[in-house]
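First, the structure itself, so that you have it in front of you.
The values are calculated or read from the model by the stated rules, or taken from the named source; none is laboratory data. Bear in mind the structure is a predicted one, so any value in this text is a computation, not a measurement. Every residue, glycine as well, gets a Cβ built from its backbone with ideal geometry; the counts of neighbours run over all protein chains shown. Accessible surface areas use protein heavy atoms only, side chains included; no ligands, DNA or RNA. Shrake-Rupley method; radii C 1.70, N 1.55, O 1.52, S 1.80 Å.
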Amino acid sequence: MGRLAQTDGLTEIQRDILATVRDFVDKEIIPVATELEHKDEYPTAIVEGMKQLGLFGLTIPEEFGGLGESLLTYALVVEEIARGWMSVSGIVNTHFIVAHMINAHGTQEQKEYFLPRMAAGEIRGAFSMSEPGLGSDVAAISTKGVKDGDFYVLNGQKMWLTNGGTSTLVAVLCKTDEGQATPYRNMTTFLIEKTAGFGPNPTVPGLTVPGKIEKMGYKGVDTTELVLQDVRIPADRILGGVPGKGFYQMMDGVEVGRVNVAARGCGVARRAFELGISYAQQRSTFGKKIAEHQAIQFKLAEMATKVEAAHQMMVMAARKKDSGERNDLEAGMAKYLASEYCKEVVEDAFRIHGGYGFSKEYEIERLYREAPMLLIGEGTAEIQKMIVGRRLLEEYRLAD
């Protein structure tokens with residue numbers, strides 16, 4: 001390891017976990033990532049390895065069979081995984097968000113039913129908030145849940161589900177009529193168990209996962225739509241057991257998800273820096289290694305500074321959330337900074353590679369296609385700046 005992206009104050013257990021994950025990434029992910037990504041092939045063997053390491057239960061409390069680790073530990077693990085292949089970090093991210101939501105907001109029965117099997121990786125979670133026509137305007141969702149006795153009947157179409165096909169549990173945000181004046185109190189999160197796979201679901205009548213969405217990058221992991229047509233869900237599968245709280249539950253999930261996306265940006269940027277500084281010491285032009293040219297040294301200095309700044313911002317946001325304090329300001333800053341810096345560091349590494357960076361034989365080509373997803377995942381840069389700006393005005397509001 002180089003000196004970049006180090007984290008002070010970690011426990012021995014945290015250091016051991018990270019060392020184990022780093023070894024797994026170097027041996028089991030990096031050697032196969034580019035080949036699997038080019039084939040858009042789901043990394044089954046890697047996922048099985050993560051199950052054996054207990055990563056699907058990393059933050060789930062020990063009483064439910066997990067490791068009970070902090071958001072910081074999880075974010076640092078994600079950074080390491082994304083350094084190997086960002087798609088793999090996506091496989092655990094939505095699972096982690098759903099597990100967090102159940103642990104933070106679920107009933108005791110929901111925790112006891114879902115969390116032990118989620119910790120073991122037997123149940124795999126997906127998170128469904130977005131829809132085809134709304135983007136970041138969550139208040140505009142049109143998927144509806146209508147009460148019918150002890151059930152709710154769900155109708156609508158959801159979009160951009162990571163793990164939509166491979167998951168067996170989906171947390172779905174729907175509009176329900178709770179009679180509240182604000183739309184944010186008329187939303188409910190439903191926990192829907194389903195069978196993994198595409199097409200009409202054999203165990204949930206009316207639920208369909210049409211197929212994978214083809215993407216420029218972020219391959220291997222499945223991204224899908226979710227169609228709900230008269231899907232009947234028992235009322236006891238409302239997250240927390242009480243309708244009308246879905247928006248706030250989902251925002252809590254997105255908040256930790258933004259720390260995750262920041263961690264992914266840090267991991268991809270660090271890998272791009274590693275590739276760039278390595279290649280610069282191998283390639284020669286005008287009679288010397290290109291690393292000896294001042295222009296390249298300037299570029300490497302800028303890249304390293306961005307890697308370090310993004311990492312420390314991400315760590316701060318995770319620690320803020322772990323302390324129990326509100327962290328939407330820090331999470332928004334971290335996600336914005338890490339994703340933007342990731343794009344810039346990857347592009348600089350691409351430039352250092354010259355024409356070879358355009359070849360699929362070189363790993364930087366894959367990173368160049370992966371980085372843009374981080375600019376829009378868990379809210380665009382514009383959304384992050386809006387959140388940060390509003391919070392700053394709250395903090396620095398002038399007295400009347």
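Which values, in whole Å and largest first, are the semi-axes of the equivalent ellipsoid of the range 346-400 obtained as the square root of 5 times each eigenvalue of the Cα gyration tensor?
Sorted largest first and rounded, they come to 40, 11, 5 Å.
Now, a different point. Using θ = phi - 60° and the Karplus curve 6.51 cos²θ - 1.76 cosθ + 1.60, what whole-Hz ³J(HN,Hα) does each residue of the range 316-323 get, with Gly and Pro shown as x?
So the Karplus estimates, Gly and Pro as x, are 4, 5, 5, 5, 4, 5, 4, 6 Hz.
While we're on this one: Does anyone have the angle between helix 108-119 and the longest principal axis of the chain? Alpha-carbon axes, 0 to 90°, nearest 10?
The two axes meet at around 30 degrees.
Please report, in whole Å, how far the alpha carbons of the range 183-291 spread along each principal axis, starting with the longest.
In descending order, the Cα extents are 72, 31, 21 Å.
Work out the charge dipole of the chain with +1 on the Cβ of Lys and Arg and -1 on the Cβ of Asp and Glu about the Cα centre, then indicate which of P210, T73, L300 is farthest towards its positive end.
It is L300.
Leaving ligands, DNA and RNA out of it, report the carbon-plus-sulfur percent of the accessible area of the range 5-51 at a 1.4 Å probe.
Accessible surface attributable to carbon and sulfur in the range 5-51 totals 49 percent.
Also, I was wondering about something else. Only Cα pairs within less than 10 Å get springs; with that Gaussian network setup on the chain, which residue of G377, G267, G332 has the largest fluctuation?
Maximum among the listed residues: G377.
If you don't mind, another one. Taking Cα atoms, how many degrees apart are the long axis of helix 44-53 and the longest axis of the chain, rounded to 10 and kept between 0 and 90?
The angle comes out at about 80 degrees.
Given just the C-alpha atoms of the range 198-245, how large is their convex hull per residue in cubic angstrom?
127
Continuing with the same structure: Report P(r) for the chain: all Cα-Cα distances, bin width 10 Å, range 0 to the bin holding the largest distance, values in whole percent.
P(r) over the chain, rounded to whole percents: 5, 23, 32, 24, 11, 4, 1, 0.
Find the Rg to Rh ratio for the range 100-178, where Rh is the Kirkwood radius over alpha-carbon pairs and Rg uses the same atoms.
0.99
Now for a separate question. Please return the longest range in the chain lying between exposed loop sites, taking GluC sites (Glu not before Pro), DSSP loop only, at most 12 other beta-carbon atoms within 10 Å, and leaving the sites out.
215-324
Ignoring any ligand, DNA or RNA, what whole percent of the accessible area of the range 224-361 comes from carbon and sulfur when the probe is 1.4 angstrom?
52
Hey, what's the Kirkwood Rh for the range 274-381 if you take every pair of different alpha carbons, in angstrom?
Result for the range 274-381, one decimal place: 15.2 Å.
Accessible area per residue, 1.4 Å probe, Å², for the range 141-261: what's the number?
40
Please find, in a Gaussian network model of the chain (springs between Cα atoms separated by less than 10 Å), the residue of A371, A120, A269 whose mean-square fluctuation is greatest.
In this elastic network of the chain, the residue with the biggest mean-square fluctuation among A371, A120, A269 is A120.
A further question follows. How much area per residue is accessible in the range 1-110 when the probe is 1.4 Å and only protein heavy atoms are counted (Å²)?
41
Still on this structure, I have one more. So how tilted is helix 12-24 from the main axis of the chain? Cα-based, degrees 0 to 90, rounded to 10.
Tilt of helix 12-24: around 70 degrees.
With bins 5 Å wide starting at 0, give me the P(r) of the range 29-185 over every alpha carbon pair, in whole percents.
2, 8, 15, 18, 18, 14, 12, 8, 3, 1, 0
Further question on the same structure: How much accessible surface area, in Å² rounded to 10, belongs to the heavy atoms of T285 with a 1.4 Å probe?
40
Ok, one more. In a Gaussian network model over the chain where Cα atoms closer than 10 Å are linked, find which of R15, R185, R390 has the largest mean-square fluctuation.
R390
Using a 10 angstrom Cβ neighbour count of at most 12 plus a DSSP loop assignment to flag exposed chymotrypsin sites (Phe, Trp or Tyr not before Pro), which longest range of the chain is free of such sites?
With chymotrypsin sites (Phe, Trp or Tyr not before Pro) excluded where exposed in loops, the chain gives 1-285 as its longest stretch.
Find the eigenvalues of the gyration tensor of the Cα atoms of the range 1-86, then list the square roots of 5 times those eigenvalues as equivalent ellipsoid semi-axes, largest first, in whole angstrom.
Here the semi-axes work out to 23, 18, 9 Å.
Moving on. What does the charge count near E35 come to, summing +1 for each Lys or Arg and -1 for each Asp or Glu among other residues with Cβ under 14 Å from its Cβ?
-3
Does the range 135-224 come out rounded, prolate or oblate by the C-alpha gyration tensor, with a ≥ b ≥ c the root eigenvalues, rounded set by a/c under 1.5 and, if not, prolate when a/b is larger than b/c and oblate if not?
Cα axes put the range 135-224 in the oblate bin.
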